[in-house]
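Visitor: Below is one structure. I have some questions about it.
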Amino acid sequence: MSHSMIIQNVVKKFGDYRAVNQANFTVEKGEFFTLLGPSGCGKTTLLRMIAGFNSIEEGEIIFNDKVINDIPAHKRDIGMVFQNYAIFPHLSVYKNVAYGLKARNVAAKEMKERVEEALRMVQMEEYKDRQPSHLSGGQQQRIALARAVVIHPKILLMDEPLSNLDAKLRVQMRITIRKLQKQLGITTVYVTHDQEEALAISDRIAIMKEGVIQQIGESEKIYKRPANGFVANFIGTSNFLEGKVTKINEEGLADILVLNKSTIKVKLKKQYEDKVVISIRPEEFVISEPVEGQLRGEVTLSTFLGDFINYEIKLENGQVIEVNEYTKDVNFSRKIGDKVSITTKADKINIFDHTGEESLVNE
Amino acid sequence: MSELQPRLKNPFSKGPVSNKKFNIRKHFNFWNMVILLSFAGLLLALVYPFSSLIFRSFLERGTNNFTLSNYKDFVRLPYYFSTLKNSFSVCIAATIFATIIGLPMAYISTRYNIWGKKLINIMVILSLMSPPFIGAYSWILLLGRNGFITKIFANFGIHLPTIYGWTGIVLVFTLKFFPYIYLYVSGALKSTDASLEEAAENLGTSGIKKLMTVTFPLILPTISAGALMVFMTSLADFGTPMLIGEGYKVLPVLVYEEFMSEIGGNAAMASALSVVIILCSLSVLMIQKLIIAKKSYTMSALRPPQVKELSLGKRIAATVFCFGIATIAMAQQVVVIITSFIKTSGPIFVKGFSLDSYRLVMHRLSRNITNTFLFSTIAIVIMIVIGLLISYVIVRKKSKATELLDLLIMFPYVIPGAVLGITLLVAFNKKPFMLSGTAGILILAYVIRKLPYTIRSSTAILYQIDPSIEEASINLGVPPMKTFFKITAVLMAPGVFSGAILSWITTINELSSSIILYTGKTSTISVAIYTEVIRASFGTAAALASILTVTTVISILIFNKLSGGQGISM
């Protein structure tokens, strides 16, 4: 049956380097949890620690109240889907899927039923007698998925399973995985470096950087309220503008001077009077004809992308920002050289302290 | 952000203590035992004999005092030193000629649509696989003093230049070992990425210039590896110069004579000469590695090069060229097989065909045949087991220790068979290691000498098996050891077996260590061929050589079947 999992103060060292540093989180029963981060951030290392292929130097990994640190990999009862599928090349599709059941001495009749059911779930039942070498990457990935879930694992681990597929197939498989996971209610830890994929597929995401978890939360929350500058930059696109708190009252309502030009009012979660970093998504800007006293700039590049238009706008201080306008909201697209004014909605933007390490706005 | 859970206390988790315990268990696992036993075996079978060889080379004859005189004599006396020059002369010449023949042949047969590619390939492999001294012997039958061709020309009053000496040795080595260049280079040419050459053409370079600036530089490491094989095997070969060299003496022949001759034999001198040969091989190997280290490129053929269509005339010419060379190379086998059916009267061939030679062999030399197959089979089984286990630790359990293991196991690669034979004989002729005169010492020599082939092909295939396949099996609940036998070993099998078949082929044809180690009871086919030739009993020698050749052909066919027609890789 599906289990919850607690990762508690977990550390992985390679020599003096901490590949995973004090990781802490809980994955609820049936949850789809994603470890997201750039390559080398420790996400795969952490996944392999859960699987039992990497030793755990400090901390504990707990399945349903049971510490599994010292349980060898083959006794952990974890399903795993590998980046390169790791299909046994000398076994047929059927035997690949049956492999884990054989190791568990499942009776012949039950084994047949379970293998066939698993293959049906990934729509591969008519391929069961094929040899893996005759299957495409996407088909192999489906077999890998069936092989991992057929053993009814406590937890399902997936290590960048879609990275070797082409773009269209990736989106298709991502839906297949998501549906299957919900249908089986299986606790899943998924690793990817693709932020769009993570946003689309996960219940919650943990974003990692240099072995440290930066933020954990639901897709929407992470996108809208990133915990720090790294997250704001890694997830989606953000423009970072320099600002300064000029006035703040007791409730935290602050006047922030943006680029020494215009002032916005934002409610901060704590008393803070210093320089700040203002993070604004391209779609949170509003473009208008030039108005005195607002941020102004000149269109330097205009890219029509169908449902929206992406502009590069050079501000008066020389900084170039990215702004999106939805095609349905406007009657024309702006030309290179057009002079424009930029405003933004105060409740949609994020404010970080001057180091970018801490968010100053409430969730 | 705050995902911290109340810390769960687990009474069974002992923190650092349990960690330590885990480590002890980790260090006494199966694979570390394999590493430990391998080192013990190598220490006994390789390090000990060779250290005593080196030690012995510094002993004064008679008194057993430490001396440098053996080495001084070697440099000072032309009788010794000339053999070094001779060895280098024939080896360099053979390497150059082999490259001149092998390179164009490989290029033509991989890039152009000539006929009968598979047949050419098999012919070339076949000519490589039979022992060199059979080649020497058949060229004597053809071009020797009473040779078949010599006589024909003599009838017209033309006297062919003598084949004995430098010419004969170089001829046999060239025809015998050019297949290394051919096989290595065709393999490399097949796996170069076509887009590289297309890029060259796109940038305006074509024809010979493209060949010289892109194609050949890319495969230069492979060419030099092939050339190295030609050089090393030529340097190590003992049978050919012994049979066809006559007065022209090379190092291995000198070693053999120094060691074997009852009057004037000098084991200390033989040891010193052995050390010299090993040093020569090692330095050639080092030079090749140094040159190549800077010029090695890894390529994955995303798109293998296309085979070009030739016009009919050119196609015929190219095919004739390739078949011509392959036929000359294979002539030796044809000659011995035909000869084996010719009627003999004592040492003289007479008109007509018969099976007499075979009858004689069965009557007199059947023990040699059983010995050959028995010893080789035992050696192969040992090699497969050791190869499987050791290649796994070399590839998957990388550490300083396994790197050393890899290096040590490859060491016999550079040791000529005669030298290995002498080394083992000297080391194991006293208690507690009394092996001389037994079948054991022959099998030991075969395993040490041919294990590198098995290890090489096993590691090569293991590198192609993604470790995550093993992890998948473990993850699905099969313990690591069981996973090794159920998954890894099964996937490795084709590589291990094809390496083992190559080892098998070279083992049944092995002469140079057997000739030192055999006794009347443990004599093998190749030893018998050699002694029969020396006794001028050419009929029986030919019959024995034919038996070896046929066995070799069958083995190659099995190899091709096993390797899925992927061809021989060495």
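Visitor: Determine, from the Cβ-Cβ distance of residue A:291 and residue A:11 and an R0 of 51 Å, the FRET efficiency 1/(1 + (r/R0)^6), rounded to the nearest 0.05.
Guide: Calculated value: 0.40.
Visitor: Once you place label points 7 Å from the Cα toward the Cβ at residue B:399 and residue A:355, how far apart are they in nm?
Guide: 4.1 nm
Visitor: In debye to the nearest 20, how big a dipole does the protein assembly as shown give about its Cα centre with +1 on each Lys and Arg Cβ and -1 on each Asp and Glu Cβ?
Guide: 3080 debye
Visitor: Further question on the same structure: Once you put a point 7 Å from the Cα of residue A:55 and another 7 Å from the Cα of residue B:39, both along the Cβ direction, what distance in nm separates them?
Guide: Going by the 7 Å Cα→Cβ label model, 1.9 nm.
Visitor: The stretch B:72-121: D in µm²/s via Stokes-Einstein (Kirkwood Rh, Cα pairs, 37 °C, 0.692 mPa s)?
Guide: D = 239 µm²/s.
Visitor: Let me ask something else about it. Specify whether the C-alpha gyration tensor of the stretch A:285-344 places it in the rounded, prolate or oblate class, a ≥ b ≥ c being the square roots of the eigenvalues: rounded for a/c under 1.5, otherwise prolate if a/b is larger than b/c and oblate if not.
Guide: Prolate shape, in that a/c is at least 1.5 and a/b is the bigger ratio.
Visitor: Still on this structure: Suppose every Lys and Arg Cβ carries +1 and every Asp and Glu Cβ carries -1, with no other charges. What dipole size does chain B come out with about its Cα centre, to the nearest 20 debye?
Guide: Approximately 1000 debye in magnitude.
Visitor: Determine how large the accessible area of residue A:315 is when every protein chain is in place; take a 1.4 Å probe and give Å² rounded to the nearest 10.
Guide: Accessible surface of residue A:315 is approximately 10 Å².
Visitor: Something else: With the dipole of chain B worked out from charges on the C-beta (+1 for Lys and Arg, -1 for Asp and Glu) around the Cα centre, which of B:102, B:173, B:280 lies farthest toward the positive end?
Guide: B:280
Visitor: Further question on the same structure: Given Cα pairs under 8 Å that are at least 6 residues apart, what percent is the relative contact order of chain B?
Guide: Normalised by residue count, the contact order of chain B is 20 percent.
Visitor: Explain nothing, just the number: dipole magnitude of the stretch A:285-344 about its Cα centre with +1 on each Lys and Arg Cβ and -1 on each Asp and Glu Cβ, in debye rounded to the nearest 20.
Guide: Dipole size: approximately 100 debye.
Visitor: What is the helix-to-structure angle for A:108-121, meaning the angle in degrees between its Cα long axis and the longest Cα principal axis of chain A, kept from 0 to 90 and rounded to the nearest 10?
Guide: Rounded to the nearest ten degrees, it is 30.
Visitor: Right, here's the next one. Beyond 45 Å, what share of the Cα-Cα pairs of the protein assembly as shown remains, rounded to the nearest whole percent?
Guide: Summing the P(r) tail past 45 Å for the protein assembly as shown gives 49 percent.
Visitor: Note down the accessible area of residue A:190, probe 1.4 Å, to the nearest 10 Å².
Guide: Approximately 0 Å² for this residue.
Visitor: Further, regarding this structure: Among B:148, A:285, what's the order by accessible area (1.4 angstrom probe), most exposed first?
Guide: Order by accessible area, largest first: B:148, A:285.
Visitor: Turning to a different aspect of this structure: So how tilted is helix A:167-184 from the main axis of chain A? Cα-based, degrees 0 to 90, rounded to 10.
Guide: Taking Cα atoms only, the helix is inclined about 60 degrees.
Visitor: Given N residues in the stretch B:68-339, what is Rg(Cα) / (2.2 N^0.38 Å)?
Guide: Normalised Cα radius of gyration, the stretch B:68-339: 1.16.
Visitor: Check cross-link reach from residue B:430 to the lysines: straight Cα distance under 22 Å, and skip same-chain residues fewer than eight apart.
Guide: Correct list for residue B:430: B:521.
Visitor: How much length is gained if the chain between residue B:481 and residue B:323 is pulled fully straight, taking 0.36 nm per residue apart and subtracting their Cα-Cα distance, in nm to one decimal?
Guide: 51.9 nm
Visitor: How much of the pair distance distribution for the stretch B:50-97 lies past 17 Å, counting alpha-carbon pairs only, in percent?
Guide: The calculated P(r) of the stretch B:50-97 puts 52 percent of pairs beyond 17 Å.
Visitor: Okay, next question. Using only Cα atoms and rounding to the nearest 10 degrees, what angle (0 to 90) does helix B:417-427 make with the longest principal axis of chain B?
Guide: 70 degrees
Visitor: Which whole number gives the average count of other chain Cβ atoms within 10 Å of the Cβ atoms across peptide A:82-88?
Guide: Counting other chains' Cβ atoms within 10 Å and averaging over A:82-88 gives 5.
Visitor: Got a sec? What order do A:135, A:199 fall in by accessible area at 1.4 Å, biggest, i.e. largest, first?
Guide: Ranking A:135, A:199 by accessible area, largest first, yields A:199, A:135.
Visitor: Let me ask something else. Taking the alpha-carbon centroid of each part, what is the distance from the stretch A:1-22 to the stretch A:74-113 in angstrom?
Guide: After rounding, the separation between the Cα centres reads 27 Å.
Visitor: Could you order B:402, B:551 by accessible surface area, starting with the largest, using a probe radius of 1.4 Å?
Guide: B:551, B:402
Visitor: Would you kindly find the accessible area of residue A:175, with a 1.4 Å probe and non-protein molecules such as ligands, DNA and RNA excluded, rounding to the nearest 10 Å²?
Guide: Per-residue accessible area (residue A:175): approximately 90 Å².
Visitor: Sticking with this one: Quickly rank A:251-263, B:446-458 as a protection proxy: mean count of other C-beta atoms within 10 Å, highest first.
Guide: Packing order, densest peptide first, comes out as B:446-458, A:251-263.
Visitor: Given B:353, B:423, B:457, which one lies farthest toward the positive end of the charge dipole of the stretch B:349-473, if we put +1 on the Cβ of every Lys and Arg and -1 on the Cβ of every Asp and Glu?
Guide: Projecting each Cα onto the dipole axis, the largest value belongs to B:353.
Visitor: If you add up the charges near residue A:355, with Lys and Arg at +1 and Asp and Glu at -1, over every other residue whose beta carbon is less than 11 angstrom from its beta carbon, what do you get?
Guide: Value of the local net charge: -3.
Visitor: Would the stretch B:114-158 count as rounded, prolate or oblate if I go by the C-alpha gyration tensor, calling it rounded below 1.5 in a/c and otherwise prolate when a/b exceeds b/c, oblate otherwise?
Guide: Because a/c hits 1.5 or more and a/b fails to exceed b/c, the stretch B:114-158 counts as oblate.
Visitor: Moving on to the next point. Could you work out Rg/(2.2 N^0.38 Å) for chain B, with Rg from alpha carbons only?
Guide: Normalised by 2.2 N^0.38 Å, the Cα Rg of chain B equals 1.08.
Visitor: Still on this model: What does the helix-only formula give at 222 nm for chain B: each DSSP H stretch with n ≥ 4 adding -39500 (n - 2.57), the total divided by the residues, and the result rounded to the nearest 500 deg cm²/dmol?
Guide: -23000 deg cm²/dmol
Visitor: Of A:74, A:352, A:2, whose Cα points farthest to the positive end of the dipole of chain A (charges on the beta-carbon: +1 Lys, Arg; -1 Asp, Glu; origin at the Cα centre)?
Guide: The residue sitting most towards the positive pole is A:74.
Visitor: Right, next: What FRET efficiency comes out for residue B:211 versus residue A:164 if R0 is 35 angstrom and r is the Cβ-Cβ distance? Round to the nearest 0.05.
Guide: 0.45
The values are calculated or read from the model by the stated rules, or taken from the named source; none is laboratory data. No experiment lies behind these values; they were computed from the predicted model shown. Neighbour counts run over all protein chains shown; Cβ positions are idealised from the backbone, glycine included. Remember, those area values only see protein heavy atoms, side chains included, never the ligands or the DNA or RNA. Shrake-Rupley method; radii C 1.70, N 1.55, O 1.52, S 1.80 Å.
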